[in-house]
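Structure record follows, encoded as structure tokens.
The values are calculated or read from the model by the stated rules, or taken from the named source; none is laboratory data. These numbers were taken from a predicted model, which means no experiment stands behind them. So basically every Cβ, Gly included, is an ideal-geometry build from the backbone, and we count neighbours across all protein chains shown. Ligands, DNA and RNA are stripped out before the accessible areas are found, and what is left, the full protein with its side chains, is counted by its heavy atoms. Shrake-Rupley method; radii C 1.70, N 1.55, O 1.52, S 1.80 Å.
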Amino acid sequence: MAHKLSLAVIGAGLIGRTHIDRALTSERVELVAVADPSPAGAALARAAGVPFYTDHHAMLAEIRPRAAVVATPNATHAALTVDCLERGAAVLVEKPIADTLEDGKRICDVSASTGLPVIVGHQRRHNPIMRKARAIVASGALGRPVSATVMCTWLKPRDYFDVEWRRRKGGGPILINLIHDIDLMRHLYGEIESVQAIASNAVRGFEVEDTAVVALRFRNGALGTVTVSDTAAAPWNWDLSAGEAERFPRQDIDAHYYCGTDGALTLPRLQLWRYRTDQGPALGWHDPLTLERTALHTGCPYAEQLRHFAAVVAGEEAPVCSALDGWRTLEATLAVTAAAATGRPVPLSAA
Ligand SMILES: NC(=O)c1ccc[n+]([C@@H]2O[C@H](COP(=O)([O-])OP(=O)(O)OC[C@H]3O[C@@H](n4cnc5c(N)ncnc54)[C@H](O)[C@@H]3O)[C@@H](O)[C@H]2O)c1
């Protein structure tokens, strides 16, 4: 077997545990340490048979891993990622890359100056469904992209909000959930030019939004809309439809609708709608559309992301979601909050 990449996991909370589990069964990485100030991490490290540290500085100095996963609260991402890079470890940092554009930029800069790769944990890009969708869009089967309509609606249980930061600004569905959908839209349609949005906290009454409606203008000329709400008893979102996490019951439904001049695609069911008759300019809504649905092997996006991370560190693959890519998705997502606050469109920086 090829030499495995030595990997530390920093932050052993909800998603850190997923990374630890996937690392333990990976053919490409070897888990070498866990760091987390909370004692709960110690039991996890013991079960995994690796050293546990309450201080990531001590872990980096003693273990010297070649790579690290940073799976800690958003506000700590930049400092921890920079610490890892400066100690010679490449980083897979969880999404969002940071909680401010300045901190995200710092990660991009230090990655460039150290020459060590940083990839951002937008794991949905590694789902076989998204790979196929990207190939379909890139093949030109949709023609010129016209619109994207995305739903991100579900009901978070009341006790989810017992944790105080989830009731405060920045702890809501825009930065926690919508960011994944915006990232998928960027992955398929390319860069976003400007963002408009309205938001509401009318149902839960917390400081943070519970619902938002977003309008996007893409640089390729397409327009997109997203509805996000964590207070709606509804199934239309990626988490419930794509089957990425066992903790969610999977629904056989779609949540993303991409339309072009020659065809339309739904996700995650990968339904491709096209006219199969060629009648030139007479072709249109009186003619029957044909539906094609691709059945795929399912794959674990977190395991695939970790395999990819090792391949990026080995120089075998280019990052599917680089630090700069994660920064652009963050910029678009923070623009949603800014647009909702001001009522004005927010232009994004040029690519
Ligand atoms: N990609 C995904 O599917 C996904 C899912 C959930 C969360 N996330 C992201 O992962 C990150 C963590 O979220 P979570 O839900 O696992 O949070 P969590 O609160 O469950 O876990 C965070 C852990 O980090 C630890 N921690 C805090 N400061 C630390 C430090 N300085 N050094 C080491 N450990 C430290 C905490 O003790 C805690 O155990 C967030 O950025 C979140 O946005 C991503």
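Of the residues in the stretch 85-103, how many are open to solvent by less than 50 Å² (accessible area, probe 1.4 Å), of a type in the set (D, E, K, R) and more than 11 Å from the ligand (Cβ to nearest atom)? Adding up the residues that qualify gives 1. Of the numbered criteria (1) surrounded by 16 or more Cβ atoms within 10 Å (Cβ to Cβ); (2) over 19 Å from ALA311 (Cα atoms); (3) β-branched (Val, Ile, Thr); (4) within 12 Å of the ligand (Cβ to nearest atom), the one ILE20 fails is (2). Within the option set ALA61, ALA12, ALA43, being of a type in the set (A, V, I, L, M, F, W, C), buried (at least 21 other Cβ atoms within 10 Å of the Cβ) and either outside any helix (DSSP H, G or I) or more than 8 Å from the ligand (Cβ to nearest atom) (or both) holds for one residue only, ALA12. Before we move on, is TRP327 more than 22 Å from the chain's Cα centre (by Cα), aromatic (Phe, Trp, Tyr) and under 28 Å from THR153 (Cβ atoms)? The answer is no for TRP327. Look through ARG106, ARG144 and report the one residue that is of a type in the set (Lys, Arg), open to solvent by 10 Å² or more (accessible area, probe 1.4 Å) and within 21 Å of HIS187 (Cα to Cα). The unique qualifying residue is ARG144.
Scanning the stretch 249-285 for residues being within 20 Å of ALA133 (Cα to Cα), under 24 Å from the mean Cα position of the chain (by Cα) and open to solvent by 80 Å² or more (accessible area, probe 1.4 Å) gives a total of 3. You will find that of GLY343, GLY315, the residue that is open to solvent by 30 Å² or more (accessible area, probe 1.4 Å), under 30 Å from ALA68 (Cα atoms) and either over 18 Å from the mean Cα position of the chain (by Cα) or at pLDDT 95 or above (or both) is GLY315 and no other. Considering only residues in the stretch 64-79 that are without any contact (Cβ under 8 Å) to a residue 60 or more places away in the chain and under 21 Å from LEU24 (Cβ atoms), the one that is farthest from the ligand (Cβ to nearest atom) turns out to be ARG64. For the stretch 109-127, does any single residue satisfy the condition of being under 21 Å from ILE63 (Cβ atoms), in a strand (DSSP E or B) and within 13 Å of the ligand (Cβ to nearest atom)? So far as the stretch 109-127 goes, yes, one or more of its residues are under 21 Å from ILE63 (Cβ atoms), in a strand (DSSP E or B) and within 13 Å of the ligand (Cβ to nearest atom).
In a residue-by-residue description of the stretch 156-167, the property of being under 21 Å from ARG125 (Cβ atoms) and either surrounded by 16 or more Cβ atoms within 10 Å (Cβ to Cβ) or at pLDDT below 95 (or both) applies to no position. Could you say whether any residue in the stretch 274-288 is closer than 27 Å to SER241 by Cβ, part of a strand (DSSP E or B) and either at pLDDT 95 or above or not aliphatic (A, V, I, L, M) (or both)? Within the stretch 274-288, one or more residues are closer than 27 Å to SER241 by Cβ, part of a strand (DSSP E or B) and either at pLDDT 95 or above or not aliphatic (A, V, I, L, M) (or both). Considering VAL203, VAL208, VAL228, VAL214, the condition of being open to solvent by 10 Å² or more (accessible area, probe 1.4 Å) and among the β-branched types (Val, Ile, Thr) is satisfied by VAL203 alone. Exactly one residue out of ASP99, ASP109 is within 28 Å of ALA33 (Cβ to Cβ) and more than 19 Å from the chain's Cα centre (by Cα), and it is ASP109.
Take VAL82 and tell me if it is near the ligand (Cβ under 10 Å from one of its atoms), hydrophobic (A, V, I, L, M, F, W, C) and either farther than 30 Å from ALA264 by Cα or in contact (Cβ under 8 Å) with a residue 24 or more places away in the chain (or both). When the stated conditions are applied, VAL82 does not pass them.
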